[in-house]
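Visitor: Starting off with a structure, shown below.
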C-alpha cells in the first residue's frame with residue numbers, strides 16, 4: 001500500500017514534467033527548428049530510460065515523448081528499438097497490457113479537461129439514459145466530470161457492452177492548444193474480473 005502511495009506521488013510530480021517537456025519542445029521547434037526539438041526529446045528519453053525504475057511511470061513518459069514526436073512531425077529514434085509507439089499496446093513488467101486510446105474531445109469538455117493532469121486515473125463508464133447514444137461510453141475524471149465520450153464504433157465500446165469488460169484507465173496525454181481539436185490519449189487496461197462501471201447520463 002505504501003509503495004502504491006509513493007508511485008502515485010511520483011506520477012503527480014512526473015505530470016508537471018510532462019507538461020514542461022511538451023512546452024519546451026514546442027518552443028525549441030518554433031524558435032530553432034525540428035533538429036533542436038529532436039535533440040531535446042532524445043536527451044529526455046535517455047534520462048527516462050536510465051533513471052526511472054517504475055515501469056508505469058516510465059511507460060507514461062515514453063508515451064508522452066512519442067506522442068510529442070508525432071505532433072511535431074519528428075522522426076522516431078532508429079537506435080531505440082524499445083521506444084513505445086502510441087499506436088501499439090504496451091506490456092508492462094507485471095504482464096499488464098495497456099492499450100493507448102486516442103479520442104478527440106469537444107470544446108464543451110474543455111474546462112473539465114483543464115482541471116485534469118497527465119497520470120490522473122479516470123473511469124470508463126457505460127452511460128445509461130444518454131438520449132443521443134444508447135451505447136454511450138463516457139470518460140470521467142476523479143472529480144466526477146465528463147471529459148469526453150468514445151466514438152460509437154470504437155472497439156472499446158464493443159468490449160464494454162458486448163463482452164462485459166471492465167477497465168482501469170489513466171490519462172497519458174492531453175492536447176489543448178487548438179480550440180476545436182482537443183485530443184486525449186488514455187492508457188486502458190481491460191479487466192474481466194471487475195464489473196463495468198455504470199453512470200447515469202447528465203446534461
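Visitor: Can you tell me which residue in segment 60-106 is modelled with the highest pLDDT, limited to those that are in contact with a strand residue (DSSP E or B) (Cβ under 8 Å, 6 or more places away or on another chain) and assigned to a loop (DSSP other than H, G, I, E, B)?
Guide: 106
Visitor: Still on this model: Name the pairs whose Cβ atoms lie under 7 Å apart, with the first residue in segment 113-129 and at positive phi, the second part of a helix (DSSP H, G or I), and 6 or more positions between them or separate chains?
Guide: Matching pairs, first to second residue: 119/11; 119/12; 119/14; 119/15; 119/60.
Visitor: Those residues that are over 27 Å from residue 18 (Cα atoms) and touching a helix residue (DSSP H, G or I) at 6+ places or on another chain (Cβ under 9 Å), I need them from segment 152-173; list them, please. Working first, answer last.
Guide: First pass over segment 152-173, keeping only residues over 27 Å from residue 18 (Cα atoms): 152-155, 157-166.
If the condition is that a residue be over 27 Å from residue 18 (Cα atoms) and touching a helix residue (DSSP H, G or I) at 6+ places or on another chain (Cβ under 9 Å), then 165, 166 are the ones that fit.
Visitor: Criterion first (assigned to a loop (DSSP other than H, G, I, E, B), in contact with a strand residue (DSSP E or B) (Cβ under 7 Å, 6 or more places away or on another chain), under 29 Å from residue 21 (Cα atoms) and at pLDDT below 90) does residue 118 satisfy it? Working first, answer last.
Guide: Values: assigned to a loop (DSSP other than H, G, I, E, B): yes; in contact with a strand residue (DSSP E or B) (Cβ under 7 Å, 6 or more places away or on another chain): yes; under 29 Å from residue 21 (Cα atoms): yes; at pLDDT below 90: yes.
When the stated conditions are applied, residue 118 passes them.
Visitor: From the list 31, 26, which residue is surrounded by fewer than 16 Cβ atoms within 10 Å (Cβ to Cβ), within 27 Å of residue 121 (Cα to Cα) and modelled with pLDDT of 70 or more? Lay out the reasoning, then the answer.
Guide: Details: 31 fails: within 27 Å of residue 121 (Cα to Cα).
That would be 26, the only listed residue that is surrounded by fewer than 16 Cβ atoms within 10 Å (Cβ to Cβ), within 27 Å of residue 121 (Cα to Cα) and modelled with pLDDT of 70 or more.
Visitor: Which of the residues that make up segment 174-186 are modelled with pLDDT of 80 or more and either closer than 19 Å to residue 136 by Cα or not assigned by TED's automatic domain parsing to the domain that holds residue 157 (or both)? Break it down stepwise before answering.
Guide: First, pick out the residues of segment 174-186 that are modelled with pLDDT of 80 or more: 174, 184-186.
Once the filter is applied, which keeps residues that are modelled with pLDDT of 80 or more and either closer than 19 Å to residue 136 by Cα or not assigned by TED's automatic domain parsing to the domain that holds residue 157 (or both), segment 174-186 yields 184, 185, 186.
Visitor: For residues that are surrounded by 16 or more Cβ atoms within 10 Å (Cβ to Cβ) and modelled with pLDDT of 85 or more, scanning just segment 191-203, find the one that is farthest from the chain's Cα centre (by Cα).
Guide: Residues of segment 191-203 surrounded by 16 or more Cβ atoms within 10 Å (Cβ to Cβ): 196-197, 199.
Checking which are modelled with pLDDT of 85 or more leaves us with 197, 199.
Working: 197: 19, 199: 21 Å.
Looking at the filtered set, the residue picked out is 199.
Visitor: Report yes if some residue within segment 140-160 is crowded, with 20+ Cβ neighbours inside 10 Å, closer than 21 Å to residue 66 by Cα and not assigned by TED's automatic domain parsing to the domain that holds residue 27; otherwise report no.
Guide: no
The values are calculated or read from the model by the stated rules, or taken from the named source; none is laboratory data. Just so you know, these numbers come straight off a predicted model, no measurement behind them. Ideal geometry is used to build each Cβ from the backbone, glycine not excepted, and the neighbour counts take in all protein chains shown.
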